[in-house]
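Trainee: Pasting in a structure now, in structure tokens, and then I'll have a few things to ask.
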Amino acid sequence: QVQLVESGGGLVQPGGSLRLSCAPSGRIFSINAMGWYHQAPGKQRELVARITSAGSTNYADSVKGRFTISRDNAKNTVYLQMNSLKPEDTAVYYCNADVVRVPGFLPRNYWGQGTQVTVSS
């Protein structure tokens, strides 16, 4: 069984920074695209940032210039560096990944359990 395990959320003041991490538990072969989504109370889950296995990235307009997504393929880990945080960034942040568990098999999409990010003074 594969699970995506997230860490790094918490409470931070406006203008502060946080770094989220996500890695799979369990045996896997490889990971294709990885990404971060967020969901604020009463709103739909939205893409924050995504990175392919080759390192291509895309970001939501609201976080461009403030957030950076990166990955360490040797550790199968994806990171989200969040700078200049705003109260409107407050949400539960979810990791998402397309995981290949066995060579030659199609990737399967997985979600993490979510980690709370609260930006407040």
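The values are calculated or read from the model by the stated rules, or taken from the named source; none is laboratory data. For clarity, every value in this text was computed on a predicted model and none was experimentally measured. Neighbour counts run over all protein chains shown; Cβ positions are idealised from the backbone, glycine included. Surface areas here come from the heavy atoms of the whole protein model, side chains and all, with no ligands, DNA or RNA. Shrake-Rupley method; radii C 1.70, N 1.55, O 1.52, S 1.80 Å.
Trainee: Near residue 9, within a Cβ-to-Cβ distance under 14 Å, what is the net charge of the other residues, with Lys and Arg +1 and Asp and Glu -1?
Mentor: Local charge sum for residue 9: -1.
Trainee: A follow-up question, please. With a 1.4 Å probe and all protein chains left in place, how much of the accessible area of the chain comes from carbon and sulfur atoms, in whole percent?
Mentor: Looking at the chain in its full context, I get 48 percent from C and S.
Trainee: OK, next. With every protein chain left in place, what is the accessible area per residue of the chain in square angstrom, probe 1.4 Å?
Mentor: Spelled out: the 1.4 Å probe surface of the chain, per residue, equals 54 Å².
Trainee: Which far-off residues, 5 or more places away or on another chain, put their amide H under 5 Å from the one on residue 29, with H placed in the peptide plane?
Mentor: Result for residue 29 returns 100, 101, 102.
Trainee: Less than 10 Å Cβ to Cβ from residue 78, Lys/Arg counted +1 and Asp/Glu -1: what total charge do the surrounding residues give?
Mentor: +1
Trainee: Near residue 118, within a Cβ-to-Cβ distance under 13 Å, what is the net charge of the other residues, with Lys and Arg +1 and Asp and Glu -1?
Mentor: Counting the neighbours of residue 118, the net charge comes to -1.
Trainee: Can you give me the P(r) profile for the chain? Cα pairs, bins 10 angstrom wide beginning at 0, each as a whole percent.
Mentor: Calculated over all Cα pairs of the chain, the distribution is 14, 47, 29, 9, 1 percent.
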